[in-house]
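Heads up, the thing below is written out as structure tokens.
Rule-based calculations on the coordinates, nothing more; no lab input. In this text the structure is predicted, and so the values were computed from the model without any measurement. Cβ coordinates were reconstructed from backbone atoms using ideal geometry, including for glycine residues, and neighbour counts include every protein chain displayed.
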Amino acid sequence: MRLRVLTINVQNDEGDPRRTGLLNYTLRRLTPDLVAFQEVCYPDWRDQLAELVADTGLRHTTHQADVLTYVPPHADRYGGTAIATRWPHRVVEAVDQRTPDVHWWTLAALIDVPGLGAQLFITPTTPWRPDAEAARVRQAVEVTDLDVRHRGALPTVIAGDLNACPEAASIRYLSGLQPLAGRSAYYHDAWAVAGEGPGHTWSVDNPIAATEIDRVVGQSNHRRRMDYVFVGSAHAHPKARARIVAARLVGDRPVDGVWLSDHAGVLVDLEIERLRPLGF
């Protein structure tokens, strides 16, 4: 069975008012099964999540606002994490990964994939400040703890805006290249397996991103891969396999003359099979 996963930072509803509609058009065209959204408007002032998924087949949604008991500071500016799935899901845990200026939560949801079983989908959004790698490292370890607590029958999928390049400690940890505090993990970085080219998702080539890059980084040549889909390894899931068969960018060029966001998204196709135990 093929499973299509997308992560995309929608940048609230800033800028061109056509962006949300064009994002919806793009989702209808791409037909993903699991989507991790970042920076989605809070539903108490605009139900952007409903607008994004209208008529896409993504009938089951959760915004972090649905599991919180408060509206975080700066929610109007930074929005929140959200997920959308083709099949019903239930959030099994929400982890408070706030930093002093951003209150993004990580959602862990179990999805019952027809004919295959339970799929754990974890959607972190880590701090954006360039000097916040210590916080991103802590959150990466918390994400792998979530996996251990709630892992389903199918290989776990972790998807989100991780605000770190592949060389960063947090990404190296998830990729199995570097231990952290005596801990180690191993997930397949979908772009490293099946993507072509550098896969930059936050780049000065995007004029919306260029404005933010000038403000945050201040360098005119800045291009980074910061958005990821990670897939659990065969070692962690001996009863199922998820082969990464394709990975490509979404929104790395304008649609009808409009850039979808300041980030490009990452679209990944997985081929999933249940493995039968060997008979003797």
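Annotation for segment 172-248: trypsin sites (Lys or Arg not before Pro) lying in DSSP loop with at most 16 further Cβ atoms inside 10 Å of their Cβ are 239. Can you list which of the trypsin sites (Lys or Arg not before Pro) found in segment 29-129 are DSSP loop residues with at most 12 other C-beta atoms within 10 Å? For trypsin sites (Lys or Arg not before Pro) across segment 29-129 that sit outside H, G, I, E and B with at most 12 neighbouring Cβ atoms in 10 Å, the list reads 59.
Between residue 222 and 204, the built amide H atoms are under 5 Å apart, and every one of these is 5 or more places off in sequence or on another chain.
Of the GluC sites (Glu not before Pro) found in segment 93-192, those in coil by DSSP whose Cβ has at most 11 other Cβ atoms within 10 Å are 167.
In terms of other Cβ atoms within 10 Å, 55, 145 run from fewest to most in the order 55, 145. 3J(HN,Hα) couplings calculated from phi for segment 152-166 with the Karplus curve 6.51 cos²θ - 1.76 cosθ + 1.60 (θ = phi - 60°) are, in sequence order, x, 6, 9, x, 5, 10, 10, 9, x, 8, 9, 6, 8, 7, x Hz; Gly and Pro show x. Comparing 209, 275, 60 along the charge dipole axis of the chain, the residue lying farthest to the positive side is 275, per the Cβ-charge model. In terms of other Cβ atoms within 10 Å, 37, 121 run from fewest to most in the order 121, 37. About its Cα centre, segment 125-165 has a charge dipole of approximately 80 debye under the convention of +1 per Lys or Arg Cβ and -1 per Asp or Glu Cβ, with nothing else charged. Placing unit charges on the Cβ atoms only, positive for Lys and Arg and negative for Asp and Glu, gives the chain a dipole magnitude near 1000 debye about its Cα centre.
For the chain, what relative contact order do you get, as a whole percent, if you take Cα pairs closer than 8 Å and at least 6 residues apart?
Normalised by residue count, the contact order of the chain is 19 percent.
Mean-square fluctuations from a GNM of the chain, with a 10 angstrom spring cutoff on Cα atoms, peak among 124, 72, 254 at 254.
When the square roots of the Cα gyration tensor eigenvalues are ordered a ≥ b ≥ c, the ratio a/c for the chain is under 1.5, which makes its shape rounded. The residue list 82, 106, 242 was ranked by how far each Cα lies along the charge dipole of the chain toward its positive end, using unit charges on Cβ atoms, and 242 comes out on top.
From least to most packed, judged by other beta carbons within 10 angstrom and beginning with the fewest, 165, 41 follow the order 165, 41. Karplus-derived 3J(HN,Hα) values for segment 125-133, using 6.51 cos²θ - 1.76 cosθ + 1.60 with θ = phi - 60°, are 10, 9, x, 8, 5, x, 9, 9, 4 Hz; glycine and proline are entered as x. Overall, segment 179-280 carries a charge dipole of about 600 debye about its Cα centre when +1 sits on the Cβ of Lys and Arg and -1 on the Cβ of Asp and Glu, all other atoms neutral.
Counting only DSSP H runs of at least 4 residues, each contributing -39500 (n - 2.57), and dividing by the residue count of the chain, the helix-based mean residue ellipticity at 222 nm comes to -6000 deg cm²/dmol.
Mind running the shape call on segment 129-280? Use the C-alpha gyration tensor, a ≥ b ≥ c as the square roots of the eigenvalues: rounded below 1.5 for a/c, prolate if a/b tops b/c, oblate otherwise.
oblate
Would segment 15-117 count as rounded, prolate or oblate if I go by the C-alpha gyration tensor, calling it rounded below 1.5 in a/c and otherwise prolate when a/b exceeds b/c, oblate otherwise? Verdict is oblate for segment 15-117. In sequence order, segment 69-85 has phi-based couplings of 9, 8, 9, x, x, 6, 4, 5, 8, 9, x, x, 7, 8, 10, 9, 9 Hz under the Karplus curve 6.51 cos²θ - 1.76 cosθ + 1.60, θ = phi - 60°, and Gly or Pro positions carry x.
Over segment 185-239, calculate the relative contact order: mean separation of alpha carbon pairs under 8 Å at least 6 apart, over the residue count, as a percent.
Over segment 185-239, the number comes to 48 percent.
Placing unit charges on the Cβ atoms of the charged side chains and taking the dipole of segment 2-273 about its Cα centre, the candidate lying farthest along the positive direction among 70, 169, 219 is 169. Close amide-amide hydrogen proximity is noted between residue 229 and 190, 191, each under 5 Å apart and 5 or more residues distant or on a separate chain (H modeled in the peptide plane; Pro and chain starts excluded).
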